[in-house]
Each structure stands twice: as structure tokens, then as C-alpha cells.
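**Q** To start, I am sharing the structure in question, which I have written as C-alpha cells.
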Amino acid sequence: MLATAPPQVEATSSTVQPILEMRSIDKRFPGVHALQDVSMDVLPGEVHALVGENGAGKSTLMKILAGVYSQDSGEITYKGHPYEPHTPRAARDAGIVTIYQELNLVPELSVAENMYLGMELQRGPFLDSRAMHKRARELLATRLHLDIDPGTIVGRLGVGVQQMVEVAKALLHEADIIIMDEPTASLSPREIADLFAIVRELRDHGVSTIFISHHLDETFELSDRTTVLRDGQLVATQPTSELDTASLIQLMVGRDLAEHDPKKPAEIGDEILRVEGLTRHGVFEDISFSARAGEIIGLAGLVGAGRTELVRGIFGADPLDRGQIFINGEPVAIKNPRDAIDHGIALLTEDRKSQGLVLLFDVRENITLPVLDRLTRTQFTDMAREQEIAAGFIERLAIKASSQEQEAMNLSGGTQQKVVLSKWLAAEARVIIFDEPTRGIDVGAKAEIYEIMNELVANGDTIVMVSSELPEVMAMSDRVLVMQGGRIRGELSREEATQQRIMRFATASSVDAKAGEPAA
């Protein structure tokens, strides 16, 4: 079934003039031509989706609009006048506000204090807290329909409500255009629905939204028009109603990904990993399973089920209170990540930026980090060998970097994931744990990650995959283990795994062990 789109804004109407026009925007960084002759316009009261693979230029284009970067050439017209913001504050004051995936809030301050940060109301030499709270409460209630005490400390709120506080800040600045960069990445389905309702209401009030998301279903559900970038160039701008999933992917990646089954068959061999009775009190309890060579084990479950905590325990990142880990049938003691690495276990963490990479290190340094002891002679590193290893993985995994010396912080999300994987392959890991392997990366990069996973199991490695995307779990797993409340509630073969069965186990409070189905 094709995704559907809401009623569209007429893209070529002679009566509707764009509120924003970006024409022939060009931007270069050292070794990278990030944007080449890119043009885009936004209509008043429009939800305009901006899509493309990681590295396509979306963030660069929006950072130019938000005053973070300046274009090398090209022109921007906003409300009929030339627009050249030199700082984010200049963009905000003009009425263009960006809400980033990493929320720009101060957790220790209240809702009202965050909303008025940098534009506080004063009564003489003193802050007028009463007026700020009153206006904040009115705006939250009338525009966002939220009953939130403006005095609440933001750090005590859920991520979804914090996202609404960011929207409230934008409205307080009387924004005409709100840029939302991956706003749903950390939200629950209910929170996403609430956010979409707010975006639609903003549209009804004439506020335009530029919406960036790797989830194409969100693009179809929410947007009026869609602009596609690829390799720093404009591919198309079309009414979303004229697109479907297959055609949009084709525009994004330049090739068809929809017809290919991501999982390739692999020969299942002997057991490599077995865990028995793993327990961390209050987090997970009595976890036992095994994984064989050539096998992908999917760990499914809702947020808070204990999946990430379990794999961190196996990797030695968090302590275990009880249980035993076996590698190739032999018991092993894993007290820390170094022990896990020595026994051939790797963990690609959910948060690759803070836990998987040293962002200030370059590509080569990150890839060879786990094997530096092999490359060090006396006090010096064998630079030639280090460069050789890095070059091999850059070619093997098609890592898109300007050079081995490009800093990891400047890579796209999909490329960062490949660098993290490269360092574990360099360490010759045999059990590779993927925690949310494709979170925050585009469809093209997803296909590449799946191909790498297929290659690993074809070579006889074992993969344990934590994923919150049920289609991914079902597509890539040979077996699915479903966790709920810190326990494994069910095991399903590839043939048995359906969304309905997985969700029944994931939401069960107890399990009928004989029937193998959640108790009614």
C-alpha cells in the first residue's frame, strides 16, 4: 500500500507568493562541495519536507538559512527582501527558528525561563517573572493546548513535552518559519501524533514548517511539498501527493531499493555465544539465549524493556549481578569492555556520537583505536600500517570521507556508523552487537548497513541486533527474542515473527510458557 498525503498547497499558484526563496545556493568546505546550485522555496502556511541521504546537503542548506553558515554564492529572499543572517540570533529575530534533534534547552531552568531565555521581561532592573509565567501559560494553553505549569523545571519533563517547549519558544519569537530537524527521533508514537497535530495547527495559522525526517511515512503523512537533495544538488521539488515511497526513494538515492529483500540467506553454523541467567537487579532478570555462526538474533521490545541494558551487560559496560557468558562453549569472565573485545565481542552503541566515536579524532584514528597496541613499536605508532588498515576499511565499507584525516564529527550519520563498524572489524570481532543500527540514517545508508550485516554473517560471524523498528527486526532476523519488563517473554522464528505476535509479547505482563503466547 502506498503512503498517503494530506491535501496539498498548490505549488504553482500565481496567487500564492513564496515567503522564502533560496536561489542557486553554493557552499564548499575543505575537500567537500556540500551544495551545488541548490534552489528551494517555501510557501506561507506550508509544511515543506526536505529529504535526502545523509551527506546530501540538507543540514548545510538549513544551517545557511538559520545563520550558522553563509553561502559562497546564491541569493535568499525572505518576505520579499534580501535575507543574509550572519548569526542564529539574527535568523531568530527575523522570524526563522530551528528546532534541532538535540533540544536546545537548559534542563535546570523552568519552562518559562527557557522560553524567554535571551529575551527576558524586566520590571526596572529586575526580571518580571510573574509576567513571563503569565504569558508563557497563555501561549502554551491557547496555541499548543498544553496544560503545563511554566514554573516546572524542564529537565523533569518528558522528551515529547520538551519538544513542545521548543515549539513554544519559536512561537514566542513570532516565527514565520520553523525548521524541524529530525524532531521525532526520540519521541513515542503518541508524542509524534501530538507534535503532528501542533504542526498542522501552525499551518492553519499561516506558520510554515520545513520538516526533515528519515522516516518517509512521516513525510507522506505531514507534508504538502517535498524537496529532494542528492550529493549536494537539487533533484526535485514536487507536491507530496504526486509521490509514493518507491518514487521518493528513487529520487533520493538514484536507484531502486524497494525490490530487494534486505536479508540474504547465510549458512548457520555452531554456537558462538551463549548467555545463561544474566541478571542485573532491577534492570533485567534471568536472561538466557544462544546465537550461532551466521545467525542474526533480533532483540525486540518497547522502550524500557531492558534491551540496551542487556547488551551493555554482555559487553561489560555495565556490571552483572549474576549469570555466565560462554564463547565457543567456554565460560568467559567479562568484567569490562576490554575483556569483551579480547573475547571477540563488539558493541555498536545506540549513541554512536558520544559512545562509539571520538569525534575530534579523524577517520583513521577512530578505525585503528582498538588495535593501537598491535601498531605500536616501543613508543611509536606504525603510521604506514595504520594508514593501510584505514584505507582497507574505507574501501571495503565505501566510507564517504574527504580523506583519512577528516574528523569524525564532520561525517554524516551513516558514515559515522560505518567508521564505528570498521573499528570493530579491525579488532576481528566475531560477535557483533548492533544497538539501533540504522537510527538516524537514511534509506540508502540503511541498505548499505544491511549489506554489511549480510556480509558479516556470510563470513560466519554472529550478530545480535537491538531495534525498535519492527519491520527491520522482521526483515533482518533469523530469530526474534522479545523482551518486556527486563525478561525475555517470547522467542519467534523468522517465519513466525509478525508485528502482532511481537507486540503481544512486548506488552505482556506474563507468559503462558506451555503455549508460548502471552497470557490473556
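**Q** Show me the strands (runs of 3 or more DSSP E) found entirely inside the range 218-292 where at least 1 residues are within 20 Å of the chain's Cα centre (by Cα), of a type in the set (Gly, Ala, Ser) and surrounded by 15 or more Cβ atoms within 10 Å (Cβ to Cβ).
**A** none
**Q** Considering only residues that are closer than 19 Å to Val443 by Cα and surrounded by fewer than 20 Cβ atoms within 10 Å (Cβ to Cβ), look in the range 375-412 and name the one that is farthest from the chain's Cα centre (by Cα).
**A** Residue satisfying both the conditions and the ranking: Ala398.
**Q** To continue, here is another question. Please pick out the residue among Lys423, Lys400 that is closer than 22 Å to Gln355 by Cα, in a loop (DSSP other than H, G, I, E, B), in contact (Cβ under 8 Å) with a residue 40 or more places away in the chain and not small (Gly, Ala, Ser).
**A** Going through Lys423, Lys400 in turn, just one is closer than 22 Å to Gln355 by Cα, in a loop (DSSP other than H, G, I, E, B), in contact (Cβ under 8 Å) with a residue 40 or more places away in the chain and not small (Gly, Ala, Ser): Lys400.
**Q** Based on what the data block shows, is Ser39 closer than 22 Å to Asp149 by Cβ and either of a type in the set (S, T, N, Q) or in contact with a helix residue (DSSP H, G or I) (Cβ under 8 Å, 6 or more places away or on another chain) (or both)?
**A** Taking the combined requirement at face value, the residue does not satisfy it.
**Q** Being exposed (fewer than 14 other Cβ atoms within 10 Å of the Cβ), in contact (Cβ under 8 Å) with a residue 24 or more places away in the chain and in contact with a Pro (Cβ under 9 Å, 6 or more places away or on another chain) is the filter here; which residues of the range 155-180 pass it?
**A** Gly155, the sole residue that qualifies.
**Q** So which residues in the range 141-154 are modelled with pLDDT of 85 or more, of a type in the set (A, V, I, L, M) and either surrounded by fewer than 18 Cβ atoms within 10 Å (Cβ to Cβ) or part of a loop (DSSP other than H, G, I, E, B) (or both), if there are any at all?
**A** Answer for the range 141-154, where residues must be modelled with pLDDT of 85 or more, of a type in the set (A, V, I, L, M) and either surrounded by fewer than 18 Cβ atoms within 10 Å (Cβ to Cβ) or part of a loop (DSSP other than H, G, I, E, B) (or both): Ala141, Ile148, Ile153.
**Q** Then there's this: Just one of Pro183, Pro189 is at pLDDT below 85 and surrounded by fewer than 19 Cβ atoms within 10 Å (Cβ to Cβ); which is it?
**A** Step by step, each of Pro183, Pro189 is checked, and only Pro189 is at pLDDT below 85 and surrounded by fewer than 19 Cβ atoms within 10 Å (Cβ to Cβ).
**Q** Ok, one more. Scan the range 478-491 for residues that are out of contact with any Lys or Arg (no Cβ under 6 Å at 6 or more places or on another chain) and either of a type outside the set (Lys, Arg) or without any contact (Cβ under 8 Å) to a residue 24 or more places away in the chain (or both) and report the count.
**A** Qualifying residue count, the range 478-491: 8.
**Q** When you go through Leu347, Leu320, Leu360 one by one, which is the residue that is closer than 25 Å to Ala458 by Cβ and not in a helix (DSSP H, G or I)?
**A** Leu347 is the lone residue from the list that is closer than 25 Å to Ala458 by Cβ and not in a helix (DSSP H, G or I).
**Q** Any residue at all in the range 336-351 that's at pLDDT 85 or above, assigned by TED's automatic domain parsing to the domain that holds Phe434, farther than 22 Å from Ser422 by Cβ and not charged (D, E, K, R)?
**A** Yes - at least one qualifying residue is present in the range 336-351.
**Q** Under the condition of being under 29 Å from the mean Cα position of the chain (by Cα) and of a type in the set (Lys, Arg), which residue from the range 50-100 is surrounded by the fewest Cβ atoms within 10 Å (Cβ to Cβ)?
**A** Only one residue fits best here, namely Arg89.
**Q** Among the residues of the range 129-140, is there at least one that is exposed (fewer than 15 other Cβ atoms within 10 Å of the Cβ) and either under 31 Å from the mean Cα position of the chain (by Cα) or not in a helix (DSSP H, G or I) (or both)?
**A** No, the range 129-140 contains no residue that is exposed (fewer than 15 other Cβ atoms within 10 Å of the Cβ) and either under 31 Å from the mean Cα position of the chain (by Cα) or not in a helix (DSSP H, G or I) (or both).
The values are calculated or read from the model by the stated rules, or taken from the named source; none is laboratory data. On a predicted model such as this, the values are computed, not experimentally measured, just so you know. Quick reminder, even Gly has a Cβ in these numbers, built from the backbone with ideal geometry, and neighbours come from all protein chains shown.
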